[in-house]
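**Q** One structure, pasted below without further comment.
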Ligand SMILES: Nc1ncnc2c1ncn2[C@@H]1O[C@H](COP(=O)(O)OP(=O)(O)OP(=O)(O)O)[C@@H](O)[C@H]1O
Ligand SMILES: [Mg+2]
């Protein structure tokens, strides 16, 4: 893996220019790193803004989705009636709505990006959580019934723990989607300091090195966010065979 | 109350599943006295699991009445009068062995100290000391089934409902768990209703074997098992054991013949 990484970096720096790849296509690595260093304070500020939008959207989208999934699992007829629409909505290219949320909340407001990120996170988390809450072995429920456990207890002791592997893999997907939502939301306008806005304006000014530096920052943030959620997954699912087998 | 106390009383119990219109049970009358070990045996699909579920109030009968400890089955379930063990060990994957066994105790509101004490006793009973912190997937099938038996026994229900608990196990493990179950039954003085496919298992374990026939599920014969207690290795070689096995087999075939 390290070798692949090194080969990638080397070809970025020397092989691509040698092959005549133009600067506007992909500038050499060292130029990008230089731009990264020169624009470090702007990039840091932009990263903070865009990352907060992503986190905000992630937290709101995922918690609303989890709450909705609980409701739909509790009242199954409602859940069964709505499920096809949820699955369909999950397939809609939601980033297409970014200009609309700008119109709703104002182009400069971070909320338009938070909302896009939140909607992007909402459907996968809802659909997966609902699946996790309802895919409980019938005997596991009969056992709770034999203990005369009320629904609240069935949820707390059986349905929610059963859903956790589903929820956490949805959260990993959502972490990626939240970053995409925030950056793409920026593309349609926002505070000039935001990372996505920086990418767009640098490109229009032909400052490709700065644009790539910003993309690099966004990528690192996205990977770090995903990694953090994956870490939480490991901690929460300590009991799960897949996790345990990996550790031992 | 005079005579042996009745734990389960089924009167004219029938069950028709609306889905598919299958008559799973027809006109079941069965009394089980305290301390009995009753096995239900019959061809696949004859309604053994359904009868167990009706007794446990997990399924509503279409007609008839079930009394458990003199109460309607529904009341008995709310009073947690019985423990149930399913064919496959139904353990909660996210709970350790100790926490699986403690689950009913948590729901009953036992204190942590009391739960820990009881879990230790139960682990000793099913010979799983040292495994309390393991997760279900780290155990063999037989060990998992012993955990679910320990869980069913943890709150000392007077009645134990077991649906083919050893069905998926190899013969050696099965015989060992049979002896373990008999030992627990003798030690706790509980009443057991036990579903099985195995004629020899039914004869070996039971004080009575209830033979059922298929479609509609009815009780065709009840055979008292007069083998000496406690049952041991020698029981399996007792000529009387073979006579009873033959008797149950013939009853099963007679039941199958008139379907
Ligand atoms: N939930 C259900 N809905 C509809 N039909 C059912 C349901 N459960 C059982 N049945 C039907 O009732 C009949 C009896 O089923 P049951 O599971 O009680 O049989 P069984 O004697 O336990 O069989 P086996 O020995 O194979 O476990 C079967 O014909 C089955 O198809
Ligand atoms: Mg069955």
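The values are calculated or read from the model by the stated rules, or taken from the named source; none is laboratory data. None of the values given here were measured: they were computed from a predicted structure. Cβ: placed from backbone, ideal geometry, glycine included. Neighbour counts: every protein chain shown.
One line per residue, one yes/no per condition, for (1) in contact (Cβ under 8 Å) with a residue 12 or more places away in the chain; (2) within 19 Å of residue A:74 (Cα to Cα):
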{"position": "A:113", "(1), (2)": "yes, no"}
{"position": "A:121", "(1), (2)": "yes, no"}
{"position": "A:126", "(1), (2)": "yes, yes"}
{"position": "A:131", "(1), (2)": "yes, yes"}
{"position": "A:135", "(1), (2)": "yes, yes"}
{"position": "A:142", "(1), (2)": "no, yes"}
{"position": "A:149", "(1), (2)": "no, yes"}
{"position": "A:155", "(1), (2)": "yes, yes"}
{"position": "A:158", "(1), (2)": "yes, yes"}
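**Q** So for segment B:52-62 (the condition being within 14 Å of ligand 2 (Cβ to nearest atom), away from every other protein chain (no Cβ under 12 Å) and modelled with pLDDT of 90 or more), does at least one residue qualify?
**A** Among the residues of segment B:52-62, at least one is within 14 Å of ligand 2 (Cβ to nearest atom), away from every other protein chain (no Cβ under 12 Å) and modelled with pLDDT of 90 or more, which makes the answer yes.
**Q** Name the single residue, out of those in segment B:109-136 being within 12 Å of another protein chain (Cβ to nearest Cβ) and surrounded by 14 or more Cβ atoms within 10 Å (Cβ to Cβ), that is nearest to the chain's Cα centre (by Cα).
**A** Step by step, filter segment B:109-136, then rank; the result is B:136.
**Q** Take residues that are closer than 19 Å to residue A:139 by Cα and tell me which of the helices (runs of 4 or more DSSP H) falling wholly in segment B:93-168 contain 2 or more.
**A** Here the list reads B:97-107, B:141-154.
**Q** Does residue A:152 count as facing another protein chain (nearest Cβ under 9 Å) and part of a helix (DSSP H, G or I)?
**A** So residue A:152 does not fit the description; no.
**Q** Taking strands (runs of 3 or more DSSP E) that fall entirely within segment B:179-259, which contain at least 1 residues that are more than 15 Å from the chain's Cα centre (by Cα)?
**A** Correct list: B:208-213, B:218-224.
**Q** Within the group B:58, B:51, B:30, B:67, which residue is crowded, with 19+ Cβ neighbours inside 10 Å, part of a strand (DSSP E or B) and either within 13 Å of ligand 1 (Cβ to nearest atom) or touching a residue at least 24 places away in the same chain (Cβ under 8 Å) (or both)?
**A** B:30
**Q** Within segment B:214-243, count every residue that is surrounded by fewer than 24 Cβ atoms within 10 Å (Cβ to Cβ), farther than 15 Å from residue B:38 by Cβ and within 13 Å of ligand 1 (Cβ to nearest atom).
**A** Qualifying residue count, segment B:214-243: 4.
**Q** Can residue B:40 be described as within 16 Å of ligand 2 (Cβ to nearest atom), under 21 Å from residue B:212 (Cα atoms) and at pLDDT 95 or above?
**A** When the stated conditions are applied, residue B:40 passes them.
**Q** Scan B:45, B:20 and give me the residue that is within 13 Å of ligand 2 (Cβ to nearest atom) and in a loop (DSSP other than H, G, I, E, B).
**A** Exactly one residue qualifies, and that residue is B:45.
**Q** When the residues of segment B:70-79 are filtered to those that are within 14 Å of chain A (Cβ to nearest Cβ) and surrounded by fewer than 16 Cβ atoms within 10 Å (Cβ to Cβ), which remaining residue is nearest to ligand 1 (Cβ to nearest atom)?
**A** Among those that are within 14 Å of chain A (Cβ to nearest Cβ) and surrounded by fewer than 16 Cβ atoms within 10 Å (Cβ to Cβ), it is B:74.
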